[in-house]
Structure formats: C-alpha cells, structure tokens
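A.B. asks: This is the structure I want to talk about, given as structure tokens.
The values are calculated or read from the model by the stated rules, or taken from the named source; none is laboratory data. Because the structure is predicted, anything quoted here is derived from the model rather than measured. When we count neighbours, we look across all protein chains shown, and the Cβ atoms used for this are built from the backbone with ideal geometry, even at glycine. Only protein heavy atoms, including side chains, enter the accessible area calculation; ligands, DNA and RNA are left aside. Shrake-Rupley method; radii C 1.70, N 1.55, O 1.52, S 1.80 Å.
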Amino acid sequence: MSTQYNLLVCVLYMLVFSVLEITGTKKFPALIVFGDSTVDAGNNNQIPTLAKSNFLPYGQDFEGGKPTGRFCNGRLATDFLAEMLGIKHSIPAYLDPAFGIEDFATGVTFASAATGYDVATSSLLAVIPLSEELVYFKEYLQKLSSFLGKDGAVETTRKSLYFISVGTNDFILNYFTVPGRSSHFTVDEYEDFLLGMARNFLIDLYSLGARKIVLTGLPPSGYLPVAKTLNHVSGIPNLEELNEASKDLNIKLQNLVASLSKQLKGIKLVYADIYNPTLHIIHNPNLYGFENTEEGCCGTGTFELGILCKAANALSCPDPSKYVFWDSVHPTEKVYDIMANILMDTTISQLLK
C-alpha cells in the first residue's frame, strides 16, 4: 500500500470526522470492543480453536450471506450500535487480514469467542485471554499513532467509545461445568475473583487512554437452550444457581463501576444491564414478534453450537426472526438489534451528554 494512498485515506478520515463533529451526527470517532462471542466478529478464525463460526449457517443474513466468524445469523449488537452512532455499518475483527488500520481507526473488536475474565476459561478452548486482547489493543494504538499522528491518535483514543461484553463463559463453560475453579472457590468467592479481573482490566484500559467505557453485565444464563439441555441430561449446571450467580456478579459489577467512577479522574464509566431486558424478551415474546424462546434456530436448537450447527444445518428453522436464540447459546440478529436500541436509550445516552 503506497504512502500516497495512506496519506489520502488519513486526510479523508480526518475530514469526515471533522464534518461529523461539526454537524453533531457523530459523537465518537470510533467504537472499540473487547469480550467474548457476543462481540467477536471473527478473531477466532485466525487461531487454532474449535470455537469458530466462519461457516454457514452462521452469517446467512449478514451482508452477502457471508459467514464472518460472528456467532449469529447476522450482525451483532456492537454492529448495530456503530451504525446508530453514525460510525460505520459493522465492526471488523482486529485479526481479520481483510482489514487494516484505515478500517480499525473508526472501530474494531478484539473479542474472542469462549473467553472470559478468568484466564482458565480461555484455556478451555484455547482462545484469546482478555489480557491478550489488551496486548492487541496496545499494538493497535501504535498503528493508530502512525496512521493519524501522535496527537490524532491520543485524541481518538480519548474520545472513542469502549464496549466490554464478557463473563458468561466463566460460569456456564467453566465454574458450573468443569471441575477446577469450583473446587477452590465458593460461588461468592469466584464472583469476587472475577470482579478483581474486571477491575484490573478497566484500570489498565483507562491507563491506555480510554475514558468513555460501557461495561455490560451478564444475561440470565439459565435460560440458554444449552444450559437447559445439560441440566436435563446431567443435572449440571443448576439453572437457578446459574441465574443467581449472574445476578450477584451484576450487582458487584455495578458497585465496581460506581467505585472506579470516583477513583479514576475524567472517566465516564457506565454499566449496561442486559439481564433484565433479555428476561423481558423471553417472558414477553409476543411483544417483539417472537414465537420460540426455548430452542435455537440452528439444528434442533437444543445443543448445537459452532461446527455442530453446520452439521445439522438441514434441520435449521426457516425464519430466524421468529426465534430469540440463533444457536443453543447466542441470540439472533433480531435480538441484538433490539438490545442495541435498548442500550442506546438506557446506557450510551449517558455518555452522549
């Protein structure tokens, strides 16, 4: 790629950014994302792991019917948020070789499906630990500085919106499913352990220049089709305990947000509740046009996930928009769209003031 091309792209980027700032249609120069499969746009495609979804039926409703590595039939909540904020149509994965810094300058996700706050969680399926997502972010900042210049990179870093969605796997994939952490921690102790990881991550992110941060809580994991199937077959995990653990950690995360908001000068840190909105959708499907809240669309919808969805594609539902769940773990594009709208109204609006 020529120097002239890089310069032209940089100038155009700065001009568009300036115009959007003046007109008030763009409040953040970029959306920077960390977390797990709820916000991974394909980073796991580039690493040796079974936690992948870069094949149909995943992505069947994405642009051009293309499977990108998103664990969904289409776009994720962060994609919708980026569009609502006037940033871009979708957020690319940092490790995707099809994209470069000219794309990442306005938004990028470092997320890795099957990861968690706990490094032991990421080790289960050999995915990218949250700490390594931060290492990639540091590399990104160096590239951003070369692309925009030091001052431009510092300003973009400070004004960008940061979105963190992680934690569900620590309970459903790790603590309540495999031996290890559960033999060393009570549920309450493990929540505190995860809270410490969350605190360290947020402080590290702040130290790298992030100021406007959305931290999402956990969903009601006991309602996931795969959790119900596992519980029916083996009694593990206990669905009530799973939901209680999610609620308890959510309360602790809210307290953490309040504490760090006082401790870290200039930070705008907000907590995003996804537990209650998800529960409302599941308990009131007719209000949203859903017909099935029990099974996922792909395969039988009871246990299929990742490569199993590909194997059982012939059994998949004809209309994902009628389903809350796409596979046995992840929501459909329609749910992500609804959640993005809710987050805009209840959470991100606080950062737009």
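A.B. asks: So how exposed is SER349, as accessible area in Å² (1.4 Å probe, rounded to 10)?
C.D. replies: Probe radius 1.4 Å; accessible area of SER349 about 40 Å².
A.B. asks: Ignoring ligands, DNA and RNA, what accessible area per residue does the chain give at 1.4 Å, in Å²? Mind dumping the intermediate values first?
C.D. replies: Numbers: 14820 Å² over 353 residues.
On a per-residue basis, 42 Å².
A.B. asks: Under a 1.4 angstrom probe, counting protein chains only, how are HIS184, HIS283 ranked by accessible area, largest first? Show your work: numbers first, answer last.
C.D. replies: Working: HIS184 145, HIS283 105 Å².
Largest to smallest exposure gives the sequence HIS184, HIS283.
A.B. asks: Report the accessible area of SER90, computed with a 1.4 Å probe over the heavy atoms of all protein chains in place, in Å² rounded to the nearest 10.
C.D. replies: Here the accessible area works out near 30 Å².
A.B. asks: Turning to a different aspect of this structure: Based on the Kirkwood radius over alpha-carbon pairs, what is the Stokes-Einstein translational diffusion coefficient of the range 202-244 at 37 °C with 0.692 mPa s viscosity, in µm²/s? Please list the in-between numbers first.
C.D. replies: Details: Rh = 12.6 Å.
D = 260 µm²/s.
A.B. asks: Run the simple label-point estimate for ILE47 and GLU139 please: 7 Å along Cα→C-beta, distance reported in nm.
C.D. replies: For ILE47 paired with GLU139, the spin-label model returns 1.1 nm.
A.B. asks: Could you tell me the accessible area of PHE147 in Å² (1.4 Å probe, neighbours in place), rounded to the nearest ten?
C.D. replies: 20 Å²
A.B. asks: Dipole of the range 107-205, Cα-centred, from +1 at each Lys and Arg C-beta and -1 at each Asp and Glu C-beta, to the nearest 20 debye?
C.D. replies: On the way: 7 positive and 12 negative charges, 86 e Å.
Computed about the Cα centre, the dipole is about 420 debye.
A.B. asks: Now for a different question. Return the subset of LYS52/LYS262; LYS52/LYS138; LYS27/LYS52 for which the Cα-Cα distance in this structure is over 31 Å, preserving the input order.
C.D. replies: Details: LYS52/LYS262 39 Å; LYS52/LYS138 25 Å; LYS27/LYS52 33 Å.
Among LYS52/LYS262; LYS52/LYS138; LYS27/LYS52, the Cα-Cα distance tops 31 Å for LYS52/LYS262; LYS27/LYS52.
A.B. asks: Figure the gain on full extension for ASN54 and LYS268 (residue separation times 0.36 nm, minus the Cα-Cα span) and round it to one decimal in nm. Mind showing how you got there, number by number?
C.D. replies: Numbers: separation 214, 0.36 × 214 = 77.04 nm, distance 3.50 nm.
Going from the current span to full extension adds 73.5 nm.
A.B. asks: Report, by chain and number, residues whose modeled amide H sits under 5 Å from the one on ALA272, excluding near sequence neighbours (fewer than 5 apart, same chain).
C.D. replies: So ALA272 has HN proximity to LEU215, THR216, GLY217.
A.B. asks: At 1.4 Å probe size, put LEU76, LEU239, LEU308 in order of accessible surface, largest to smallest. Provide the component values of the computation, followed by the final result.
C.D. replies: Numbers: LEU76 0, LEU239 45, LEU308 80 Å².
Result of the area sort, largest leading: LEU308, LEU239, LEU76.
A.B. asks: Work from the charge dipole of the chain (Cβ charges, +1 for Lys and Arg, -1 for Asp and Glu, about the Cα centre) and give the residue of TYR162, ASN255, PHE80 farthest towards its positive end.
C.D. replies: So the residue furthest toward the plus end is TYR162.
A.B. asks: Additional query: Can you put ILE236, ILE47 in order of accessible area, largest first, using a 1.4 Å probe? The partial results should precede the final answer.
C.D. replies: Values: ILE236 90, ILE47 25 Å².
In descending accessible area the options line up as ILE236, ILE47.
A.B. asks: What is the gain in length, in nm to one decimal, between GLU294 and ASP345 on full extension, counting 0.36 nm per residue of separation less the C-alpha to C-alpha distance?
C.D. replies: On the way: separation 51, 0.36 × 51 = 18.36 nm, distance 2.74 nm.
Taking GLU294 through ASP345 to full extension adds about 15.6 nm, to one decimal.
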